[in-house]
Amino acid sequence: MARLLLNPFTDRPLQLRFLLCFRDLAVSTVLSQSNLPGLKLIHRGKVRDVYALNADELLIVASDRLSAFDVVLPDPIPGKGEMLTQISNFWFGKTAHLMPNHLTGKRVADVLPAGIDSAIYEKRSVIAKRLTPVPVEAIARGYLIGSGWKDYQRTGSLCGIELPANLRQAGKLPEPIFTPSTKAAAGQHDENISFKQVVATIGGDLAEQVRAATLAIYAFAADYAAERGLIIADTKLEFGTDADGTLFVMDEMLTPDSSRFWPATEYRVGISPPSYDKQFVRDYLETLVWNKQAPAPVLPRSVIDDTAAKYAEALKRIAGIVLD
Ligand SMILES: Nc1ncnc2c1ncn2[C@@H]1O[C@H](COP(=O)(O)OP(=O)(O)OP(=O)(O)O)[C@@H](O)[C@H]1O
Ligand SMILES: [Mg+2]
């Protein structure tokens, strides 16, 4: 049986929230927005701040910003950017035999401007090869959920792929499929597209490479996760090419922001199983009267703490890492 930590004053078990307070004090840094004077900021995304170090390299800083319904929320989730970066780095390492990735392996501390506390940036940043993004979102799905489930209900197919009749919500697909989507501009929503449309956008050769790499990475990761009691329902990857046209996987990889992880023990067909992604925050927001346009409502402390705990649990279960 798991040992409970007791409150020394009351002898009652400590609440998760108190434990997280201690954890936060001791460890994770909080960063809503990076500020690195002297470095050239070229993009502030929903989560990442991207700096150009030179013509070939980027410094990518994952902040603690959280977006839901494509709107950035006002409250940061302490340590989230660190946890996302550690999960991505873990998977980039594990899948390097399948596909080259954007990591250079260079040390972040070496490029930070003088006077910047490297402890704030080291665990949440990487130095990456500067690539030309492939303008589609590369999604692999093993299960029918989210926009995939919605499209299937409407059309019986998904991204032009005919699927068997009578599939249910969260049902396992006969085999994993590639379901690309558009890369929408800020504030817009991505839309599922067919493989034909991908070919029309980036050419047949690159489209085939992206599809094959996406499915290979998904299959590998799904097997790996299954051994640890987790189902990866779907995942979204981003790719880029270098000056020679070589394809790399970039951005983030198999994090709770880009993927749906379900604990296998809680998986049921016919419902949306609980996951390590942002469903938790979305569920809270759904209880409010909010039109899903910026500005987003503030989150109660308990939702922030529970969300941070979800990310920490994902990092531990996936990569076996506890941030200290
Ligand atoms: N190695 C790389 N070379 C060039 N661009 C990259 C590289 N890695 C990541 N990017 C880009 O950096 C940005 C990171 O920002 P962020 O992750 O916050 O995403 P975003 O633009 O808000 O979109 P989304 O929420 O869909 O991921 C993305 O535009 C991504 O395509
Ligand atoms: Mg992104």
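None of the figures in this text is laboratory data; all of them are computed from the coordinates on show. Just so it is clear, the model here is predicted, and its values are computed rather than measured. Counting neighbours? That spans all protein chains shown, and the Cβs are built from the backbone with ideal geometry, glycine included.
Here are the numbers for the structure shown:
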| quantity | calculated |
| --- | --- |
| Loop-located trypsin sites (Lys or Arg not before Pro) in region 219-324 whose Cβ has at most 15 other Cβ within 10 Å (DSSP) | Arg228, Arg268, Lys292 |
| Computed lengthening from Ala243 to Lys46, 0.36 nm per intervening residue step minus Cα-Cα distance | 68.2 nm |
| All lysines inside 20 Å of Lys106 as judged from Cα atoms, apart from same-chain residues fewer than 8 positions distant | Lys40, Lys94, Lys123, Lys129 |
| Theoretical ellipticity at 222 nm over the chain - DSSP helices of four or more residues, -39500 (n - 2.57) apiece, nearest 500 | -9500 deg cm²/dmol |
| Three-way shape call for region 108-224 based on the alpha-carbon gyration tensor, with the a/c threshold at 1.5 | prolate |
| Lysines whose Cα lies under 26 Å from that of Lys196, excluding same-chain neighbours fewer than 8 positions away | Lys150, Lys172, Lys183, Lys236 |
| Karplus (6.51, -1.76, 1.60) ³J(HN,Hα), θ = phi - 60°, over region 274-281, in Hz, Gly and Pro reported as x | x, 9, 8, 8, 7, 3, 4, 6 |
| Cα Rg, Dmax, region 40-129, angstrom units | 13.5, 39 |
| Candidates Leu98, Leu230, Leu66, ranked by Gaussian network fluctuation over the chain, Cα under 10 Å, top entry | Leu98 |
| Rg/Rh for region 182-320, where both radii come from Cα atoms and Rh is the Kirkwood radius | 1.01 |
| Neighbourhood net charge (10 Å Cβ-Cβ; Lys/Arg +1, Asp/Glu -1) for Gly240 | -1 |
| Segment Glu122-Ala212, extension gain: residue separation times 0.36 nm, minus the distance between their alpha carbons | 29.1 nm |
| Cα→Cβ-extended label distance, 7 Å offset, between Val30 and Asn54, nm | 3.8 |
| Gln293-Arg107 FRET efficiency (beta carbon distance; Förster radius 45 Å; 0.05 resolution) | 0.65 |
| Proximal charge balance of Ala264 [Cβ under 14 Å; K/R count +1, D/E count -1] | +2 |
| Net charge of neighbours whose Cβ lies under 12 Å from the Cβ of Leu144, counting Lys and Arg as +1 and Asp and Glu as -1 | +3 |
| Relative contact order of the chain, pairs being alpha-carbon contacts under 8 Å that are 6 or more residues apart, as % | 20 |
| All-pairs Cα distance distribution in the chain, expressed in whole percent, bin size 10 Å | 5, 24, 34, 25, 9, 2, 0 |
| Part-to-part distance (alpha-carbon centres) for region 177-255 and region 31-64, which is given in Å | 23 |
| Most mobile listed residue (Thr155, Thr241, Thr179) in the chain, GNM with C-alpha springs under 10 Å | Thr155 |
